[in-house]
1. Based on what the data block shows, is A99 without any contact (Cβ under 8 Å) to a residue 40 or more places away in the chain and among the small types (G, A, S)?
2. Kindly indicate the residue of the stretch 60-86 that is closer than 14 Å to N118 by Cα, over 10 Å from the mean Cα position of the chain (by Cα) and β-branched (V, I, T) and also most open to solvent (accessible area, probe 1.4 Å) among those meeting that condition.
Amino acid sequence: MNEYGRAMLQAAWIRAKRGDDQVRRVCLDGAGACSLRAAISEANALAGADTITIGGVVYTTTLAGTNEDLNANGDYDIRSDITINGVSAATSILQANAAPNTATEKVLHITTGAGAVNINNVTIRNGNSTVNTLGGGVRIDNATNVVNFNNCVISGNRVIIAGNAFAGGLGITAGTVTAGVAYLISAVAPDIP
């Protein structure tokens, strides 16, 4: 489902209301709308802490992943201090694919040095990591300061790599994670020979 609306950029506050997966470094397109990928890219490029407000929309990664860390395709790569505020976990949904177990990357990748990241009122689902061994839904890399999940659901994610797969829903290599009313449901990291 796509919802097109006005996107606003004021003092590092970005509103993403497009449900499609648009690649742009500049958030606003010709129609005055912004995709979540474009909003994250804009926030990654700006100095300081940024807030992205998303609507009650399903945001699906549709650009084939190449396992890069610059937010160009595949998972959403967060590289700076970012807060993502959804409407509710029931309506603001971040997903790697509409169908479970079919994506080739996770949903969110919080990269080394991202700093303080806050994810509020969203569902993160249908991540299916086939190239990394950690975090099918969310991967949090070394040296990330703090990641907070509030009123979030992380569900239907998995890591599927022969002989070395773990943390299907949420994988953390280092840092601090807090969860205020967060649910980790149906995360799979199967033991594959």
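1. Here the answer is yes, as A99 does meet what is asked.
2. Going through the qualifying residues, I end up with T83.
Table: residues versus (1) over 20 Å from G168 (Cα atoms); (2) not acidic (D, E).
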site: V58; (1), (2): yes, yes
site: E68; (1), (2): no, no
site: N85; (1), (2): yes, yes
site: S88; (1), (2): yes, yes
site: I93; (1), (2): no, yes
site: A96; (1), (2): no, yes
site: A116; (1), (2): yes, yes
site: R125; (1), (2): no, yes
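The values are calculated or read from the model by the stated rules, or taken from the named source; none is laboratory data. Being a predicted model, the structure only gives us computed values, none of them experimental. FYI the Cβ positions are ideal-geometry reconstructions off the backbone, even for glycines, and counts take in every protein chain you see. Ligands, DNA and RNA are excluded from the accessible area calculation, which covers all protein heavy atoms including side chains. Shrake-Rupley method; radii C 1.70, N 1.55, O 1.52, S 1.80 Å.
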